[in-house]
Amino acid sequence: MARENISKSLEVYYEKVNCCPLRDRQFNFFEFVYVLSGNGVHGINGNELRFEPGDLFLITPKDYHSFDLDSICEFMVIRFGEYYVREYQWKSIDHIECLLYNASDLSGSVLINQEDKKMVGSLVQHLHQTLIQESVYTEDLVRHLVNALIVIAARNIAIIKPKNISPHADNRILQLLDYIQEHIRYPARLTIAVIAERFDLSPTYLGSYFRKQCNESLQHYISSYRIRLIEHRLRFSDKRVHEIADEFGFADESHINKFFKRHQGMSLKQYRDSATKVTD
């Protein structure tokens, strides 16, 4: 698998292409890809989704992805490392890096709010013009525009966090959520005992602490998060049930079907069939 690096803390460029030069690329940095024009399919982490103008994708350092283009497409590409996020003094989003990593759970465009989609379209146009008409203070202006895009993306990504998470949530709960999402495919790493030891908490206190911070139980959050990812696999990949079961640490198809039916009231096949009908 091709792996790419960046030499600067921030790289921004426009490209007009009729094919994706590299397949299944994996980065050691974050990359925004905004679709200015054209259509095609974006493949990321085994999922495939159609893209169109106005979509904004965020690829994280742990993702692999590629584009299949229907015809000539125009993109604005923004690349930045973890250090770029850390060095900027965000006023109220001190866990923005944690939020950005959760873009992997969306796979599609990170723009969920329609008003934000319009705002991003305008910001990207200004960014494009700034690059074309390079002048004094261009670098500073580019950074301001990019930082605005990062904040807008972060507040859209935040929607996938627990809906009732406390606005005053401490840094440890954010690290705990990040840990759960990183290890969601490894059930043995998500037992109460293991998580408690990892975060130096007693197993008894862990449950009450999580509920106080997120207004739901730890097990409910883990199950709901796993369900959301399984649904994503069923809707946007061609993986078979036994492959999905293996990916998420279930013993076999029967085990994952029982888990899924208990939460969703239907089998994985029934869910995939219903999702396909809606798409058609």
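The values are calculated or read from the model by the stated rules, or taken from the named source; none is laboratory data. Worth saying up front: this structure is predicted, and the values here are computed from it rather than measured. Cβ coordinates were reconstructed from backbone atoms using ideal geometry, including for glycine residues, and neighbour counts include every protein chain displayed.
How many residues does segment 1-20 hold that are at pLDDT 70 or above and assigned to a loop (DSSP other than H, G, I, E, B)? Outline the logic, then answer.
Pass one, segment 1-20, residues at pLDDT 70 or above: 8-20.
Going one step further and asking which of them are assigned to a loop (DSSP other than H, G, I, E, B), we end up with 8-9, 18-20.
So the answer is 5.
Search segment 224-280 for residues being under 21 Å from Ser109 (Cα atoms) and among the hydrophobic types (A, V, I, L, M, F, W, C), and hand back the single one that is surrounded by the most Cβ atoms within 10 Å (Cβ to Cβ).
The qualifying residue surrounded by the most Cβ atoms within 10 Å (Cβ to Cβ) is Ile230.
Give me the pairs: first residue in segment 209-236 and under 15 Å from Ala275 (Cα atoms), second residue of a type in the set (Gly, Ala, Ser) and buried (at least 17 other Cβ atoms within 10 Å of the Cβ), beta-carbon distance under 6 Å, and six or more apart or on different chains, which are they?
From residues that are under 15 Å from Ala275 (Cα atoms), there are no pairs.
Do you know which residues across segment 37-58 are of a type in the set (S, T, N, Q) and either farther than 21 Å from Ile244 by Cβ or touching a strand residue (DSSP E or B) at 6+ places or on another chain (Cβ under 7 Å) (or both)? Reasoning before the result, please.
Applying the first criterion (of a type in the set (S, T, N, Q)) to segment 37-58 yields 37, 39, 45, 47.
Passing the criteria: Ser37, Asn39, Asn45.
Given the conditions (1) without any contact (Cβ under 8 Å) to a residue 12 or more places away in the chain; (2) in a helix (DSSP H, G or I); (3) more than 21 Å from Tyr101 (Cβ to Cβ); (4) not small (Gly, Ala, Ser), and given that Val194 satisfies all but one, which numbered condition is not satisfied?
Every condition holds for Val194 apart from (3).
Which of the helices (runs of 4 or more DSSP H) contained wholly in segment 49-148 include at least 3 residues that are surrounded by fewer than 18 Cβ atoms within 10 Å (Cβ to Cβ) and at pLDDT below 95? Walk me through it before giving the result.
Numbers: elements: 82-87, 96-101, 114-132.
The qualifying helices (runs of 4 or more DSSP H) are 82-87, 114-132.
Looking at segment 1-19, I want the residues that are over 13 Å from Val142 (Cα atoms) and assigned by TED's automatic domain parsing to the domain that holds Gly81 and have a partner that is loosely packed, with under 11 Cβ neighbours inside 10 Å and modelled with pLDDT of 80 or more with Cβ atoms under 7 Å, at least 6 apart or on another chain. Which pairs are those?
What qualifies is Asn18/Ser71.
With the checklist (1) surrounded by fewer than 15 Cβ atoms within 10 Å (Cβ to Cβ); (2) part of a helix (DSSP H, G or I); (3) hydrophobic (A, V, I, L, M, F, W, C) in hand, flag the one item Val41 doesn't pass.
Looking at each condition in turn, Val41 falls short on (2).
For segment 189-245, give me each residue that is in contact with a helix residue (DSSP H, G or I) (Cβ under 8 Å, 6 or more places away or on another chain), closer than 25 Å to Ile256 by Cβ and aromatic (Phe, Trp, Tyr).
Hits for segment 189-245 are Phe210, Tyr221, Tyr225.
So is Leu174 at pLDDT 90 or above and part of a helix (DSSP H, G or I) or not? So that I can check it myself, show each step before the final result.
Numbers: at pLDDT 90 or above: no; part of a helix (DSSP H, G or I): yes.
No, not satisfied.
State whether the residues of segment 213-221 include one that is surrounded by 15 or more Cβ atoms within 10 Å (Cβ to Cβ), within 17 Å of Gln264 (Cβ to Cβ) and at pLDDT below 95. Spell out the reasoning first.
Residues of segment 213-221 that are surrounded by 15 or more Cβ atoms within 10 Å (Cβ to Cβ), as a first pass: 213-214, 216, 218, 221.
Still in the list and also within 17 Å of Gln264 (Cβ to Cβ): 221.
When the remaining residues are screened for being at pLDDT below 95, the result is 221.
Yes, there is a match, as at least one residue in segment 213-221 is surrounded by 15 or more Cβ atoms within 10 Å (Cβ to Cβ), within 17 Å of Gln264 (Cβ to Cβ) and at pLDDT below 95.
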